[in-house]
Amino acid sequence: MSEQQMDIHAIMRHLPHRYPFLLVDRVLELVPGERIVAIKNVSMNEPHFPGHFPNFPVMPGVLILEAMAQAAGLLAFKSGTQQVDDKSVIYFAGIDGARFKRPVVPGDQLRIEATVITVKRGIWKFSVRATVDGQLASEAELLCTLKRIDE
């Protein structure tokens with residue numbers, strides 16, 4: 001399959017997240033059913049930095065995991081056979097083996113790579129990694145599922 005790229009407008013058509021919780025800025029590569037490479041530009045202007053931590057701002061680990069999950073969600077949306085619309089949401093079903101290897105600070109560019117491990121009964125399992133300048137920042141295995149939200 002051919003590789004795809006996505007700008008912020010395409011990302012916003014597939015993810016329901018918005019400021020301050022949209023954590024994927026660009027997709028560099030996407031091979032449906034296989035893998036994605038996405039970018040999160042880390043800026044001092046983000047709302048969590050004044051409190052985490054005031055004298056040494058560090059991106060919270062849960063937000064790094066969320067950025068990885070959003071990239072994996074984009075891969076699932078672009079890979080699935082279900083019609084995706086504004087009533088579709090990808091939910092976490094599990095996080096296994098999460099590790100944090102280096103702090104992520106303002107000015108860093110987080111490169112997120114997600115690979116499909118399995119898809120069974122609507123549950124996607126991904127291997128995810130986030131790096132900064134080629135150094136591993138975080139890794140995990142994520143379980144996600146696509147759900148419809150009805151009013």
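One table, with the values for the structure above:
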{"item": "Among residues of the range 12-25, those that are within 21 Å of residue 127 (Cβ to Cβ) and touching an Asp or Glu at 6+ places or on another chain (Cβ under 8 Å), counted", "result": "1"}
{"item": "Unmet criterion (only one of (1) modelled with pLDDT of 95 or more; (2) surrounded by 13 or more Cβ atoms within 10 Å (Cβ to Cβ); (3) in a strand (DSSP E or B); (4) not aromatic (Phe, Trp, Tyr)) for residue 93", "result": "(1)"}
{"item": "Residue list for the range 114-143, filter: over 23 Å from residue 48 (Cβ atoms) and touching a strand residue (DSSP E or B) at 6+ places or on another chain (Cβ under 7 Å)", "result": "115, 116, 117, 118, 122, 123, 124, 125, 126, 127, 141, 143"}
{"item": "Hits in the range 91-122 - residues which are over 21 Å from residue 138 (Cα atoms) and either among the aliphatic types (A, V, I, L, M) or touching a residue at least 24 places away in the same chain (Cβ under 8 Å) (or both)", "result": "119, 122"}
{"item": "Some residue of the range 96-116 being of a type in the set (D, E, K, R), modelled with pLDDT under 95 and either in a loop (DSSP other than H, G, I, E, B) or more than 18 Å from residue 18 (Cα to Cα) (or both)", "result": "no"}
{"item": "Residue list for the range 134-148, restricted to those being at pLDDT 95 or above and either in a strand (DSSP E or B) or within 15 Å of residue 123 (Cβ to Cβ) (or both)", "result": "135, 136, 137, 138, 139, 140, 141, 142, 143"}
{"item": "Near pairs, Cβ below 6 angstrom, 6+ apart or cross-chain, from the range 7-18 (of a type in the set (Val, Ile, Thr)) to any residue that is assigned to a loop (DSSP other than H, G, I, E, B)", "result": "11/24"}
{"item": "Residues of the range 1-32 that turn out to be farther than 18 Å from residue 63 by Cα and loosely packed, with under 13 Cβ neighbours inside 10 Å, as a count", "result": "7"}
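Residue-wise test of (1) buried (at least 21 other Cβ atoms within 10 Å of the Cβ); (2) under 14 Å from the mean Cα position of the chain (by Cα); (3) under 15 Å from residue 73 (Cα atoms); (4) among the polar types (S, T, N, Q).
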| residue | (1), (2), (3), (4) |
| --- | --- |
| 112 | yes, yes, yes, no |
| 119 | no, no, yes, no |
| 123 | no, no, yes, no |
| 135 | no, no, no, yes |
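The values are calculated or read from the model by the stated rules, or taken from the named source; none is laboratory data. Predicted, not measured: the structure shown is a model, and the values here were computed from it. Here Cβ is always computed from backbone atoms with ideal geometry, including for glycine, and neighbour counts include all displayed protein chains.
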